[in-house]
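S.K.: Sharing a structure with you now.
The values are calculated or read from the model by the stated rules, or taken from the named source; none is laboratory data. Computed from a prediction, not measured in an experiment: that's the story for all the values here. As a convention, Cβ positions derive from the backbone with ideal geometry for all residues, glycine included, and neighbour counts pool all protein chains shown. Side chains included, ligands, DNA and RNA excluded: accessible areas come from the protein's heavy atoms. Shrake-Rupley method; radii C 1.70, N 1.55, O 1.52, S 1.80 Å.
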Amino acid sequence: MSVNPLAAKIATPYARALYDFSVEQNIMHQVTADFLNLETFLAKTPELTKYLCNPVISAEQKQSLLTKTLKSQLNSETFKFLMVLVKRDRINLLSSIIANYLELIYKTASIKMVEVTTAHAFTPSHEYLLIKKLKELTNAREIRLVITVDSSLIGGFLIKTNSK
């Protein structure tokens, strides 16, 4: 959720356009699933992110790599969207676009994204209790936690939602 503000501003129209298109074409669930999987995949392969963000590498090389690695894994419309980003030299904003798109989806579905920074990892029962309490406080139908363990904290945890 912590994204460069300039990148987020540039990414917003792309995310909004994809959101509108996915709703119009009735493929919102497929695109959302693709983006959730892509977000996880990019987090696990930082070298791919570096490759896609490298301005020295040509658009054709990036398209070729994405075709080989992702085309068979994604909905055709999601893949076409990635190709548009490569052609417009905006593939470096993919993480921001994914974050913006998912934010639109979560808002529509009344799902609240909450960042939690904690000194020690939560147990599943602590996560459950925190989610339950956050649902009461925010009136959200569902809560998605983004948990970061920060050993520099002496104890306890910080909760951040909607930049608060």
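S.K.: Please list, by residue number, every one of the GluC sites (Glu not before Pro) in the range 70-136 that is coil in DSSP and has at most 10 other beta-carbon atoms within 10 Å.
M.R.: In loop regions of the range 70-136 (DSSP not H, G, I, E or B), there are no sparsely surrounded GluC sites (Glu not before Pro).
S.K.: Please list Tyr14, Tyr106 from largest to smallest accessible area, probe radius 1.4 Å, with all protein chains kept in place.
M.R.: Final ranking, largest accessible area leading: Tyr14, Tyr106.
S.K.: Another question about this same structure. In the range 41-109, if every C-alpha pair distance is counted and binned at 5 Å from zero, what percent goes to each bin?
M.R.: Histogramming the range 41-109 at 5 Å steps yields 3, 16, 25, 28, 17, 7, 3, 1 percent.
S.K.: Return the whole-Å distance between the Cα centroid of the range 101-152 and the Cα centroid of the range 23-62.
M.R.: The two parts, judged by their Cα centres, are 24 Å apart.
S.K.: So what's the back-of-envelope 222 nm ellipticity for the chain, counting only DSSP H runs of four-plus at -39500 (n - 2.57) apiece and dividing by all residues, rounded to 500?
M.R.: Values: 7 runs with 99 residues, N = 164.
So the calculated ellipticity at 222 nm is -19500 deg cm²/dmol.
S.K.: Inverting the mean 1/r over all pairs of different Cα atoms, compute the Kirkwood radius of the range 1-91 and quote it in Å.
M.R.: Over the range 1-91, the inverse of the mean reciprocal pair distance is 13.9 Å.
S.K.: About the Cα centre of the range 60-159, how large is the charge dipole given +1 on each Lys and Arg Cβ and -1 on each Asp and Glu Cβ? Please answer in debye to the nearest 20. Kindly include the intermediate steps, with their values, before the conclusion.
M.R.: On the way: 14 positive and 9 negative charges, 77 e Å.
Dipole magnitude for the range 60-159 comes out near 380 debye.
S.K.: Using a Debye calculation, one point per C-alpha and no hydration shell, please list log10 I(q)/I(0) for the range 72-119 at q = 0.23 Å⁻¹ in order.
M.R.: Relative scattering, expressed as log10 I(q)/I(0), comes to -0.91.
S.K.: Turning to a different aspect of this structure: Please state the shape class of the range 120-164: rounded when a/c is under 1.5, otherwise prolate if a/b exceeds b/c and oblate if not, all from the C-alpha gyration tensor.
M.R.: It comes out oblate by the Cα gyration axes.
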